[in-house]
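Down below is the structure, laid out as structure tokens.
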Amino acid sequence: MTTTKTLVAATIVLFGVDLAGGLLAVGAGVNTWSEAWGGKALLAAPLPMIAVQALLVAVAARRSGRAAMVACGLLATACLVSVASGFFDGGLGNDELTPGLAAFQVFLLVVTGGVGVLALLRLRELAGAQHTAGSAQQPMA
């Protein structure tokens with residue numbers, strides 16, 4: 001499987017985990033429907049973050065060159081911010097969460113971090129291809 005396909009597949013898994021997390025949060029009573037994918041979400045990314053990740057992975061997968069490289073860099077950054085916010089926004093290990101829900105939070109952060117790493121790998125792949133293409137166009141002395 002190529003880096004691009006792996007990145008897309010991992011992002012789809014991440015969106016599934018976000019969906020499941022929101023549903024778990026509502027079912028457990030730790031978030032309301034309006035909070036489950038909003039700023040107070042405990043087991044999912046907020047919808048704006050999910051939308052940005054979807055847009056960036058689409059550009060990273062469908063484009064090449066600078067546009068794809070920028071998208072990969074931004075996606076990796078968004079994932080890093082998402083993981084970091086899990087540690088610093090008070091959500092991780094929230095007192096309302098059962099041990100199982102806290103474990104789900106950690107799983108969500110691991111999947112999010114994995115998508116970020118795959119975005120960096122895609123960026124490296126694109127940068128290498130651009131460097132190789134640029135070297136091939138250099139005139140021989």
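Values quoted throughout were computed directly from the atomic coordinates according to the rules given, and no laboratory measurement underlies them. Just so you know, these numbers come straight off a predicted model, no measurement behind them. Because the Cβ atoms are built from the backbone with ideal geometry, glycine has one as well, and the counts that use them run over all protein chains shown.
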Original post:
Of SER34, SER85, how do they rank once you tally other Cβ atoms within 10 Å and put the fewest first?
Top reply: SER34, SER85
**OP:** Give the relative contact order (percent, whole number) for the range 44-121; include only Cα pairs under 8 Å separated by 6+ residues.
**Re:** 33 percent
**OP:** Take each complete run of DSSP H in the chain, measure how far its Cα atoms stretch along the helix's own axis, and keep only those covering 18 Å or more with mean Kyte-Doolittle hydropathy at least 1.6; list them.
**Re:** 47-62, 65-88
**OP:** Starting with the fewest neighbours, write out PHE88, PHE107, PHE15 ranked by other beta-carbon atoms found within 10 Å of each beta-carbon.
**Re:** PHE88, PHE107, PHE15
